[in-house]
Amino acid sequence: MQKNLANQLSDHILTYIIIDFDSTFSRVEGLDELAVIALQNHPQKDEIVAKITQITHLGMEGKMSFESALKERVSLLDASKHHIDLLVEVLKSKVSASFERNKQFLKDFSENILIISSGFKEFITPIVTQYGIVEKNIFANTFIFDENNKIVDYDKENPLSQNNGKVKLLQNFNLESKFEPESLVYVIGDGYTDYQIKEAGLADKFFAFTENIERKSVMQKADHIIPNLDEFLYLNKFPMQISYPKNRISVLLLENIHQKATEIFKNEGYQVEVIKGALSEEELAEKIKDVSILGIRSKTELTAKVLQNANKLIAVGAFCIGTNQIDLPACMQKGVAAFNAPYSNTRSVVELALGQMIMLIRNIFDKSTKMHKGIWDKSAANSFEIRGKSLGIIGYGNIGTQFSVLAEALGMKVYFYDVVDKQALGNAQRCNELQELLQKSDVITLHVDGREDNANFIGKNEFDLMKKGVIFLNLSRGHIVDIQVLAENIKSGKVAGASVDVFPYEPKTNDEEFFTPLRNLPNVILTPHIGGSTEEAQENIGNYVPNKIIDYINTGSTFSSVNMPNLQLPAQKQSHRLLHIHKNTSGILAKINNVLANHHINILGQYLKTNEQIGYVITDIDKEYDKNLIKDLKEIEHTIKFRALY
């Protein structure tokens, strides 16, 4: 036994690990898969495979004697060596993700790992030996073949073919020679037969493995329930391929975020909780205590008060364009990276604005309302084409520029105003002053950000400058328009039509009644903040934001973060990556490098990016290092947050 290696890896008393194969090392049950292959052309394939699968479950849950379950399944197989060869090829792609991820551990610790399975060596050995497991440590049943290589039986003298077989096998061992004195024996498996090893006093702990299947009767017997091999290695302080078990990273998604985001986070291995509505500041302050990743849309506010309780928060995702609902400076001072989706719903907002503009200038909305009341009002009065009209776009960003191109293609003359110097697209003309745009435009559309300085950006003075009969659209943020003044201008006829998708106060849930002075006014389209609410846009956002957050957690890359210094990092190869977020104070990089030098650490690569408030240092170092290094780096003055990746 490689006692020195084992002690080095475990940092404590010598440990032996017994691992099951079916539904543990492999994601599937070998015999069940063999039945699918062997019975491919059998007229009763589905019926027989279903029966074999049912027997497997009964046996694994301890509801049927294992000996009977094995006998019945093999009798139904009708398989040969050829089918086993095909099965091996299938099983190579069915190894559990966490075992695949920790292949190096299995190889390094192979002398101390035993595969004990009630499955069959013929398909187990070719798989596990690829992961460094030594063949002498593989224990399983064996088939008996006839002269035509057809499976006709199995070795019934093998203890693993019998009831309580794993216990019998281990009892037949000379444990004192097999296991070092005072060593620990751990069992990892998903079935009742794995628990029986602990029950018989032959193992110190039983870990119920639930990455592939959860058997409640087995989980109830376990010392620990482990959703993957990472959790087992973390609990027992063994070296892992990843820095932290992903199942310990908790995600909270609010406000009906698209199911795609949930799927992405779950596929990454994170724990995900979904709440349909928004949460108040008090509710979120309580809920966020153990949350690692927060996903919100526009109604939930992540305030400094909430962040005081967010001791585990790594990142926040705004599943929308705007981020004014997030206290970005407070997140930055907490070392919490924020991401949004600046492009994913652009087209959806533009299409809604374009459609509403046409409906308003044709006065279609009021005519439709009359029709629903039985009133036939066929008239061209106050109904116009958009061709030849002037469109004024306030805010020439992603949405404004797309709207500009489409409107011009429809024959409109486009003006735009932006506080930032922007390149005009097509024949659009820049207005140097807001006043100029307001006076020239037949249609005015707002696409500015939601910063506090923009409160009541459009008020009485601005409406006074507009043409009589102007069409007015706001699909940006509710507080940038004085709603009361807009209502007065609609009533007076100064504004001939308006569409409003955003409001100073919006209901937290669909059950709350909505109030606004714009209700029941003529030629006014009110929509419940749905500018970006199309299936395409929400799916795009559901893809984009989680992947940015996962990339940040896995690599440290802050590219596209709205509050952190942006760093797009090269791939991490055979190194540890140290992430150090600190207040932007002189000398921090020197202190980091002094700590590394004191620990005789070789730097493979280093990257620094700062903004006015914080600095972000990424350091790639040699694979091996003194564990006290982490402690010393965390204790550097002005450190905000530190993480290590490997």
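Just so it is clear, none of the values below were taken in a lab; they were calculated from the coordinates. Quick caveat, the model's predicted, so the values are computed rather than measured. FYI the Cβ positions are ideal-geometry reconstructions off the backbone, even for glycines, and counts take in every protein chain you see.
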Can you tell me the FRET efficiency between Q220 and D511 if r is taken as the Cβ-Cβ distance and R0 is 51 Å, rounded to the nearest 0.05?
0.85
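Taking K and R as +1 and D and E as -1, what net charge do the other residues with C-beta under 9 Å from the C-beta of K198 add up to?
Details: positive: K205, K221; negative: D194, E199, D204, D223.
Once all neighbours under 9 Å are counted, the net charge is -2.
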When a footprinting reagent is the concern and you count Cβ atoms within 10 Å, what order do K266, K422, K548 take, fewest first?
K266, K422, K548
Label-point gap, in nm, between S243 and R643 - each point 7 angstrom along Cα→Cβ:
0.6 nm
Relative intensity, log₁₀ I(q)/I(0), of region 3-235 from a Debye sum that treats every alpha carbon as a point, q = 0.13 Å⁻¹:
-0.75
Calculated [θ] (222 nm, deg cm²/dmol) that DSSP helices of n ≥ 4 give over the chain, each run adding -39,500 (n - 2.57):
-10000 deg cm²/dmol
Inverse mean reciprocal Cα-Cα distance (Kirkwood Rh) of region 234-322, Å:
13.8 Å
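Among the listed pairs K107/K266; K276/K508; K287/K334; K221/K312; K299/K491; K63/K216, give every one whose C-alpha distance is greater than 21 Å. Let's see the in-between values first.
Values: K107/K266 28 Å; K276/K508 10 Å; K287/K334 18 Å; K221/K312 31 Å; K299/K491 30 Å; K63/K216 12 Å.
Violating the 21 Å limit, Cα to Cα: K107/K266; K221/K312; K299/K491.
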How far is it, in nm, from the label point at A597 to the one at K168 when both lie 7 Å from their Cα along the line to the Cβ?
6.8 nm
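Quote the Stokes-Einstein diffusion coefficient, in whole µm² s⁻¹, for region 571-645, based on the Kirkwood radius over alpha carbon pairs, a temperature of 4 °C and a viscosity of 1.567 mPa s.
Result for D is 105 µm²/s.
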Select from the chain the helices, each a whole stretch of DSSP H, whose alpha-carbon atoms run 20 Å or more along the helix axis and whose Kyte-Doolittle mean is at least -0.5; answer none if there are none.
45-60, 346-361
Counting all C-alpha pairs of region 497-634, share separated by more than 17 Å (%)
71 percent
Say a site is exposed when it is one of the GluC sites (Glu not before Pro), sits in a DSSP loop, and has at most 13 other Cβ atoms within 10 Å; what is then the longest site-free stretch of the chain?
215-384
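Could you please report the charge total around S344, scoring K, R as +1 and D, E as -1 over all other residues with beta-carbon less than 15 angstrom from its beta-carbon? Intermediate values should be presented prior to the final figure.
Working: positive: K260, R297, R347, K548; negative: E351, E535, E536, E539.
Neighbour charge sum, excluding S344 itself: 0.
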What three numbers, in Å, describe the spread of the alpha carbons of region 346-533 along their principal axes, ordered from the longest?
50, 39, 31
Descending principal axes extents, the chain, alpha-carbon based, whole Å
97, 71, 43
Going through region 550-618, which trypsin sites (Lys or Arg not before Pro) have at most 14 other Cβ atoms within 10 Å and a DSSP loop state?
K573
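If Rh is defined by the Kirkwood formula over all Cα pairs and Rg also comes from Cα, what ratio Rg/Rh do you get for region 453-564?
Values: Rg = 18.4 Å, Rh = 16.5 Å.
Result for region 453-564 is an Rg/Rh of 1.11.
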Could you pull out every residue, at least 5 positions away or on a different chain, whose amide H is within less than 5 Å of the one on Y16? Hs are placed 1.01 Å off N in the peptide plane, and Pro or chain starts have none.
L184, V185, Y186
Between E539 and L521, what is the spin-label point distance in nm, taking each point 7 Å from the Cα along the Cα→C-beta axis?
3.7 nm
Ranked list, fewest to most other Cβ atoms within 10 Å of each Cβ, for D20, D85:
D85, D20
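Going by C-beta contacts inside 10 Å, put H83, H447, H638, H479 in order with the fewest on the left. Could the numbers behind the result be given before it?
Values: H83 23, H447 28, H638 14, H479 19.
Ordered by Cβ neighbours within 10 Å, fewest first: H638, H479, H83, H447.
Which FRET efficiency value, to the nearest 0.05, do you get for L465 and Q423 by plugging their Cβ-Cβ distance into 1/(1 + (r/R0)^6) with R0 = 25 Å?
Details: r = 26 Å, r/R0 = 1.05.
With R0 = 25 Å, the Cβ-Cβ based efficiency is 0.45.
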Using a cut-off of 13 Å between beta-carbons, work out the net charge of the residues near P517 (Lys and Arg +1, Asp and Glu -1, P517 not included).
0
